[in-house]
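Participant: This is the structure I want to talk about, given as structure tokens.
The values are calculated or read from the model by the stated rules, or taken from the named source; none is laboratory data. If you're wondering where the values come from, they're calculated on a predicted model, not measured in any experiment. We place every Cβ from the backbone using ideal geometry, glycine too, and count neighbours over all the protein chains shown. For the accessible areas, the whole protein counts, side chains as well, though only heavy atoms, and no ligand, DNA or RNA atoms are used. Shrake-Rupley method; radii C 1.70, N 1.55, O 1.52, S 1.80 Å.
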Amino acid sequence: MAASAGTAGSSPYLVAASSPAARRYGAAHRVRASGAREAAMDVVSEAELREKGFMGMRKTKLVCTVGPACVEALPALARGGMGVARVNLCHGGREWQRAAMRAVQRLNEEEGFCISLMVDTEGSQLLVADHGGASSVKAEDGSEWLFTNKKTDEAHPFTMLVNFDKFSEGILIGDELVIDGGMATFEVTEKIGNNLCCKCTDPGLLLPRAKLSFWRNGKLVQRNFGLPTLSTKDWADIEFGITEGVDCIALSFVKDANDINQLKAYLSRRSLEHIKIFAKIESLESLKNLKYIIEASDGVMVARGDLGVQIPLEQIPAIQESIVKLCRLLNKPVIVASQLLESMVEYPTPTRAEVADVSEAVRQYADAVMLSAESAIGAYPHKALSILRAASERMESWSREENMQKFLPQHQLAIALPDRISEQICNCAVEMANNLAVDAIFVYTKHGHMASLLSRNRPNPPIFAFTDNANSRKSMNLYWGVIPLHLPLSNSMEDNFNNTISLMKSKGSVKPGDTILVVSDSDLNRPCAATSVYQSIQVRLVE
């Protein structure tokens, strides 16, 4: 290993990008300086850098669920900082889903954005298949409802069709039937065959595809129907997503690591390892096997809405924090999701408690925060995203100003020596970057692993990750503090760096005195005939 730290002052070393980006917001820019090659930074990052400088760049990534409310607003959401577009395959038909995904891809191809595409599987869960209304139905206090798995020709608003034949198995008179974790509550008053007659005790809205849970004496009635995590519909949805070129699959209702490994093996057989698998933590089973699920997955989504259906609400904050911490220790990106700005589904301004909730997720150093119904069906999708972004930026700024950085204990992840070297290189690089107060970290990486190790340590300066792999670039969209750029790379670290200097100078953002800490990936510096790992940490001074 060649690990070195030095200062280069004899040539105008680099800073990161700024671009005109005025003639067409999002156009890719061709490098004009001699010796430089074509490269691309997503235009939102370019605009942030130009406006706020290195230290003002946002670190927390923003995920938006695409739905009927925001399809026309997708360009505005992209400009507003959406890094990942999520399409929930529980909703909408193939035609609509395909149109939504292709609209996102067109933004990337034609406007210069770098938005990753994520799809959710439905998973095996107890759902309301039909509630007798077009969009939502109000359950009034004391009203009588029939929950059944048999569809009748005389459907009316007081009949709920459930998607599973044995849904009432093991349920007793007096049990509580809870809709979507508390949107409405019913008491089971009579059981007739597989049907349940229920009385509404807590009125509320019944939404399409609402989730059901049963409670007895304040505890969840746990039942194992023996259903697989991936249903026949889920496999068809996965095939559809693969065909449409998705970057991530969020796997619903994961029970254990085998669920992740099964899908990963399937993708590997088809040479689709670049598609990342995110485990949705939303059930008691997933909590029991949490560490193994995180280790097996490429990332995690804390689905607080569904999780709140199965565990007492007061436990959610502590569970969220523990999941975020464990993901960071194990170097897996984590998304905090569900009900962050829920009131903005209907209202243009969130509650102060909701803004505090977003800020708490950012304070915990979650990699990403996600809008669900707020962007999918809400009346103010773009405004909800702008508030999510503003709250994230303010908390990041406050944490940095107040020196609230929480360093990880040196939890070793790697086993093989080359991987252990990479890990130590990145740990030391972040410590140097913070102690020297450098302006930015640059990493040259084929597959994004070094960028993830740098991100894990949550450095103060932003991380610019240069890769020549389009799939790797998309996969880095959910790493905290990482701005991925596409750049043709060579096996020469110095050539890569010189080309980057030319690129950044051509964008007009270099100023004397800026310092850049540069980290090389072993994949880029390994001679063809050698097996040793060559990596370095360098500090470059802009003159």
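Participant: Which condition number in (1) in a loop (DSSP other than H, G, I, E, B); (2) under 19 Å from the mean Cα position of the chain (by Cα); (3) not β-branched (Val, Ile, Thr) is the one that ALA279 fails?
Facilitator: For ALA279, the failing item is (1).
Participant: For the stretch 71-94, what are the residues that are within 21 Å of ALA391 (Cβ to Cβ), within 18 Å of the chain's Cα centre (by Cα) and of a type in the set (A, V, I, L, M, F, W, C)? If you could, list the steps in order and put the result at the bottom.
Facilitator: First, pick out the residues of the stretch 71-94 that are within 21 Å of ALA391 (Cβ to Cβ): 73, 76-86.
Adding the requirement that they be within 18 Å of the chain's Cα centre (by Cα) leaves 77-86.
Listed by number, the residues that qualify are LEU77, ALA78, MET82, VAL84, ALA85.
Participant: So in the stretch 297-322, with the set limited to residues that are open to solvent by 10 Å² or more (accessible area, probe 1.4 Å) and in a loop (DSSP other than H, G, I, E, B), which one is modelled with the highest pLDDT?
Facilitator: Here the residue is ASP298.
Participant: Tell me, yes or no, whether the stretch 120-132 has at least one residue that is within 21 Å of the chain's Cα centre (by Cα), modelled with pLDDT of 90 or more and crowded, with 21+ Cβ neighbours inside 10 Å. So that I can check it myself, show each step before the final result.
Facilitator: Restricting attention to the stretch 120-132, the residues satisfying the condition of being within 21 Å of the chain's Cα centre (by Cα) are 120-123.
Among the residues that remain, those that are also modelled with pLDDT of 90 or more are: 120-121.
With crowded, with 21+ Cβ neighbours inside 10 Å added as a condition, the list becomes 120-121.
Yes, the stretch 120-132 has at least one match.
Participant: Scanning for something surrounded by fewer than 18 Cβ atoms within 10 Å (Cβ to Cβ), in contact with an Asp or Glu (Cβ under 9 Å, 6 or more places away or on another chain) and among the polar types (S, T, N, Q), does the stretch 374-393 turn up at least one residue?
Facilitator: No, there is no match, as no residue in the stretch 374-393 is surrounded by fewer than 18 Cβ atoms within 10 Å (Cβ to Cβ), in contact with an Asp or Glu (Cβ under 9 Å, 6 or more places away or on another chain) and among the polar types (S, T, N, Q).
Participant: For LEU263, all conditions in the list (1) in contact with a strand residue (DSSP E or B) (Cβ under 6 Å, 6 or more places away or on another chain); (2) modelled with pLDDT of 95 or more; (3) closer than 19 Å to ALA366 by Cβ hold save one; what is the number of the exception?
Facilitator: (3)
Participant: Tally time: how many residues in the stretch 60-80 are in a loop (DSSP other than H, G, I, E, B), open to solvent by 20 Å² or more (accessible area, probe 1.4 Å) and not charged (D, E, K, R)? Spell out how you get there, then give the answer.
Facilitator: Pass one, the stretch 60-80, residues in a loop (DSSP other than H, G, I, E, B): 60, 66-73, 80.
Cutting the leftovers down to open to solvent by 20 Å² or more (accessible area, probe 1.4 Å) gives us 68-69, 71-73.
Those left that are additionally not charged (D, E, K, R): 68-69, 71, 73.
Residues in the stretch 60-80 being in a loop (DSSP other than H, G, I, E, B), open to solvent by 20 Å² or more (accessible area, probe 1.4 Å) and not charged (D, E, K, R): 4 in total.
Participant: A further question on this structure: Which residue out of SER268, SER343, SER286 is assigned to a helix (DSSP H, G or I), open to solvent by less than 50 Å² (accessible area, probe 1.4 Å), out of contact with any Phe, Trp or Tyr (no Cβ under 8 Å at 6 or more places or on another chain) and free of Cβ contacts under 8 Å to residues at least 60 places away in the same chain?
Facilitator: Working: SER268 fails: open to solvent by less than 50 Å² (accessible area, probe 1.4 Å); SER286 fails: out of contact with any Phe, Trp or Tyr (no Cβ under 8 Å at 6 or more places or on another chain).
Testing whether each residue is assigned to a helix (DSSP H, G or I), open to solvent by less than 50 Å² (accessible area, probe 1.4 Å), out of contact with any Phe, Trp or Tyr (no Cβ under 8 Å at 6 or more places or on another chain) and free of Cβ contacts under 8 Å to residues at least 60 places away in the same chain leaves just SER343.
Participant: Might you let me know whether the stretch 488-503 holds any residue that is surrounded by 24 or more Cβ atoms within 10 Å (Cβ to Cβ) and either modelled with pLDDT of 90 or more or under 22 Å from ARG50 (Cα atoms) (or both)?
Facilitator: So far as the stretch 488-503 goes, yes, one or more of its residues are surrounded by 24 or more Cβ atoms within 10 Å (Cβ to Cβ) and either modelled with pLDDT of 90 or more or under 22 Å from ARG50 (Cα atoms) (or both).
Participant: Hey, another quick one. Sort through GLY182, GLY204, GLY193, GLY174 and tell me the only one that's under 25 Å from GLU342 (Cα atoms) and exposed (fewer than 14 other Cβ atoms within 10 Å of the Cβ).
Facilitator: Working: GLY204 fails: exposed (fewer than 14 other Cβ atoms within 10 Å of the Cβ); GLY193 fails: under 25 Å from GLU342 (Cα atoms); GLY174 fails: under 25 Å from GLU342 (Cα atoms).
Only one candidate qualifies: GLY182.
Participant: Every residue in the stretch 41-59 that is open to solvent by 30 Å² or more (accessible area, probe 1.4 Å) and hydrophobic (A, V, I, L, M, F, W, C), please.
Facilitator: The one that is open to solvent by 30 Å² or more (accessible area, probe 1.4 Å) and hydrophobic (A, V, I, L, M, F, W, C): MET55.
Participant: Further, regarding this structure: Among the residues of the stretch 84-113, how many are in a loop (DSSP other than H, G, I, E, B) and in contact with a strand residue (DSSP E or B) (Cβ under 8 Å, 6 or more places away or on another chain)? Steps first, please.
Facilitator: Step one: list which residues in the stretch 84-113 are in a loop (DSSP other than H, G, I, E, B), which gives 89-93, 112-113.
Now narrow it down to the ones that are in contact with a strand residue (DSSP E or B) (Cβ under 8 Å, 6 or more places away or on another chain): 89-90, 112.
Number satisfying all stated conditions: 3.
Participant: Take the residues of the stretch 214-241 that are closer than 18 Å to SER297 by Cα and either part of a strand (DSSP E or B) or of a type in the set (Val, Ile, Thr) (or both): which is nearest to the chain's Cα centre (by Cα)?
Facilitator: Of everything passing the filter in the stretch 214-241, ILE238 is nearest to the chain's Cα centre (by Cα).
Participant: VAL369 versus (1) crowded, with 17+ Cβ neighbours inside 10 Å; (2) assigned to a helix (DSSP H, G or I): which is the lone unmet condition?
Facilitator: Status for VAL369: all satisfied but (2).
Participant: Being more than 21 Å from GLY67 (Cβ to Cβ), at pLDDT 75 or above and not aromatic (Phe, Trp, Tyr): is that true of ALA155 here? Let's see the steps before the verdict.
Facilitator: Details: more than 21 Å from GLY67 (Cβ to Cβ): yes; at pLDDT 75 or above: no; not aromatic (Phe, Trp, Tyr): yes.
Answer is no for this residue.
Participant: For ILE294, which of the numbered conditions (1) in a helix (DSSP H, G or I); (2) open to solvent by 50 Å² or more (accessible area, probe 1.4 Å); (3) modelled with pLDDT of 95 or more fails to hold?
Facilitator: The one condition ILE294 does not meet is (2).
Participant: Could you identify the single residue in LYS219, LYS211, LYS166 that is at pLDDT 85 or above and among the basic types (Lys, Arg)? Walk me through how you get there before you give the answer.
Facilitator: Details: LYS211 fails: at pLDDT 85 or above; LYS166 fails: at pLDDT 85 or above.
After ruling out the rest, the residue left standing is LYS219.
Participant: I'm trying to understand the selection: among the residues of the stretch 47-59, which are in a helix (DSSP H, G or I) and modelled with pLDDT of 85 or more? Break it down stepwise before answering.
Facilitator: Step one: list which residues in the stretch 47-59 are in a helix (DSSP H, G or I), which gives 47-52, 54-56.
Result: ALA47, GLU48, LEU49, GLU51, LYS52, PHE54, MET55, GLY56.
Participant: Can you name the residue in the stretch 440-495 that is in contact with a Gly (Cβ under 6 Å, 6 or more places away or on another chain) and free of Cβ contacts under 8 Å to residues at least 60 places away in the same chain and is also farthest from ARG363 (Cα to Cα) among such residues?
Facilitator: MET476
Participant: Within the stretch 242-260, track down each residue that is within 17 Å of PRO333 (Cα to Cα), open to solvent by 10 Å² or more (accessible area, probe 1.4 Å) and either in a helix (DSSP H, G or I) or at pLDDT below 95 (or both).
Facilitator: Of everything in the stretch 242-260, just one residue is within 17 Å of PRO333 (Cα to Cα), open to solvent by 10 Å² or more (accessible area, probe 1.4 Å) and either in a helix (DSSP H, G or I) or at pLDDT below 95 (or both), namely ALA257.
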